[in-house]
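This report refers to the structure that appears directly beneath it.
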């Protein structure tokens, strides 16, 4: 902190379930970093920062992402000075990728330079309010904790936070589960190595569950009955069940809680005292939906406009029935020009209501094509 005993407020943007903050590195910037409790090191994922900041690497490490795939090399930087409003962190080392392995900028539709994890949370209490897009940070003794909040014990292992919760599956069975608390994951909850007919709902769907170092993680989406967090029992949750899931052998866990579920609460992370505090927010009782279009898409920035390109269309989905194809570019949704929309706004439309219909104008082979997309609940 800049001043002993100070309490600072930092604004963030929620971009496709990424908490994006601005920071300076060695006096340069600002740069866009996503808060991610699922990473141990600060990660610089935008290779252009290497030259602009004149970063010199001191050693090389190998990083294994989730799922099966290649282990990638990352370069550990020398000490960096990180500055945010009211907050200065000196002598922070980061893992630097010379090639963008995550594709975060395309996913978010804006430039994301990296991920900020353990270094931000390790010495502070961090209050996250999703309703007003603010972070309040202070020393734990100076934090104003929520009245009637539930305190949940956590452990910090391999520089990442874990808690234990009871998870009740669709068939009624309950399992006490050790879960990584992963702010950088967009899902509600991920259950690892349990994708079988006994616990999956019949209306499960195959889906791409996210992107990591090793590429796209595939698996199933299904609903589970509940997750018990202290006295709060969050019901009817969309859960991810990844295929062929593996993590480094030093980690033992049953899954992870993502930002989808955490957004239902006001949350305080208190690493120094091995705790998080949760209190229901306005979204606590909201019935949550998954994408009903059946297509995934990414953004390409062109000055201040965004080009939205279809990356995948699920067979039998609403998008497939509308005749939408991989490589099509979304131009207009009803009367709204896509170039003036954020990817989050587009996501919200395609998760809005079963049976809702949109007139889409797409560009295919340099020609404009009109299609009618009628949303269909998938899970």
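The values are calculated or read from the model by the stated rules, or taken from the named source; none is laboratory data. Predicted model, so just to flag it, every value in this text is computed and none were measured. Note that each Cβ is placed from the backbone with ideal geometry, even for glycine, and that neighbours are counted across all protein chains shown.
Of everything in the stretch 124-144, what is exposed (fewer than 15 other Cβ atoms within 10 Å of the Cβ) and under 14 Å from residue 275 (Cβ atoms)? Give them in sequence order.
Across the stretch 124-144, the qualifying residue is only 141.
Being surrounded by 15 or more Cβ atoms within 10 Å (Cβ to Cβ), in contact with a helix residue (DSSP H, G or I) (Cβ under 9 Å, 6 or more places away or on another chain) and more than 21 Å from residue 207 (Cβ to Cβ) narrows it down to one of 346, 361, so name that one.
361
Of 225, 141, which residue is touching a strand residue (DSSP E or B) at 6+ places or on another chain (Cβ under 8 Å) and either in the same structural domain as residue 101 (by TED's automatic domain parsing) or at pLDDT 90 or above (or both)?
Criteria check complete, one pass: 225.
Rundown of residues vs (1) touching a residue at least 60 places away in the same chain (Cβ under 8 Å); (2) assigned by TED's automatic domain parsing to the domain that holds residue 232; (3) outside any loop (DSSP other than H, G, I, E, B); (4) more than 27 Å from residue 52 (Cα to Cα), yes/no style:
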position: 95; (1), (2), (3), (4): no, no, yes, no
position: 126; (1), (2), (3), (4): yes, no, yes, yes
position: 167; (1), (2), (3), (4): yes, yes, yes, yes
position: 170; (1), (2), (3), (4): no, yes, no, yes
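Only residues that are buried (at least 20 other Cβ atoms within 10 Å of the Cβ) and part of a loop (DSSP other than H, G, I, E, B): list them for the stretch 172-184, please.
182, 183, 184
Would you point out the residue of the stretch 73-92, among those that are without any contact (Cβ under 8 Å) to a residue 60 or more places away in the chain and surrounded by 16 or more Cβ atoms within 10 Å (Cβ to Cβ), that is nearest to residue 124 (Cα to Cα)?
Ranking the qualifying residues of the stretch 73-92, first place goes to 89.
Just name the residue that is farthest from the chain's Cα centre (by Cα) out of those in the stretch 97-117 that are farther than 15 Å from residue 52 by Cα and part of a strand (DSSP E or B).
Ranking the candidates gives 116 first.
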